[in-house]
1. Hey, any hits in the range 7-15 for a residue that's loosely packed, with under 11 Cβ neighbours inside 10 Å and among the aliphatic types (A, V, I, L, M)?
2. Could you give every pair whose Cβ atoms fall below 8 Å, whose first residue belongs to the range 24-35 and is under 22 Å from PHE47 (Cβ atoms), and whose second residue is modelled with pLDDT under 90 and surrounded by 10 or more Cβ atoms within 10 Å (Cβ to Cβ), counting only separations of at least 6 or pairs across chains?
3. From (1) over 14 Å from the mean Cα position of the chain (by Cα); (2) surrounded by 11 or more Cβ atoms within 10 Å (Cβ to Cβ), pick out the condition that doesn't hold for HIS28.
4. Mind listing whichever residues of the range 1-48 are in a loop (DSSP other than H, G, I, E, B), at pLDDT 85 or above and small (Gly, Ala, Ser)?
5. Name the pairs: first residue in the range 46-60 and under 9 Å from THR3 (Cβ atoms), second residue in a helix (DSSP H, G or I), Cβ to Cβ under 8 Å, at least 6 apart or on different chains?
6. In the range 49-58, how many are assigned to a loop (DSSP other than H, G, I, E, B) and surrounded by 10 or more Cβ atoms within 10 Å (Cβ to Cβ)?
7. Which of the residues that make up the range 31-44 are surrounded by 11 or more Cβ atoms within 10 Å (Cβ to Cβ) and not small (Gly, Ala, Ser)?
Amino acid sequence: MKTNKSFQKRLKVTKNGKIIGRRPGQNHFNAKESGRSQMGKNRTVSFNFDNKTRSRFLAN
């Protein structure tokens, strides 16, 4: 199965092997949101993949 390159570019593997990235759908339509919720949308989240999914989204 091919690696999903577009999604791979949005992820980062940390030194300890955790996979982090931003939640999807947080980039626009934020004008009505409060400042607190806008700042919260900038945070990264940790992804928990099983081995099959990890090989699909990450090349290494």
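1. The answer is no, given that none of the residues of the range 7-15 is loosely packed, with under 11 Cβ neighbours inside 10 Å and among the aliphatic types (A, V, I, L, M).
2. Once the first residue is under 22 Å from PHE47 (Cβ atoms) and sits in the range 24-35, its partners that are modelled with pLDDT under 90 and surrounded by 10 or more Cβ atoms within 10 Å (Cβ to Cβ) give GLN26/LYS41.
3. Checking HIS28 against (1) over 14 Å from the mean Cα position of the chain (by Cα); (2) surrounded by 11 or more Cβ atoms within 10 Å (Cβ to Cβ), the one that fails is (2).
4. ALA31, SER34
5. PHE57/PHE7; PHE57/GLN8; LEU58/GLN8; ALA59/GLN8
6. Residues in the range 49-58 being assigned to a loop (DSSP other than H, G, I, E, B) and surrounded by 10 or more Cβ atoms within 10 Å (Cβ to Cβ): 2 in total.
7. GLU33, GLN38, LYS41, THR44
The values are calculated or read from the model by the stated rules, or taken from the named source; none is laboratory data. Nothing here was measured: the structure is a model prediction, and the numbers come from that model. Using ideal geometry, Cβ is built from the backbone for each residue, glycine included, and neighbour counts are taken over all protein chains shown.
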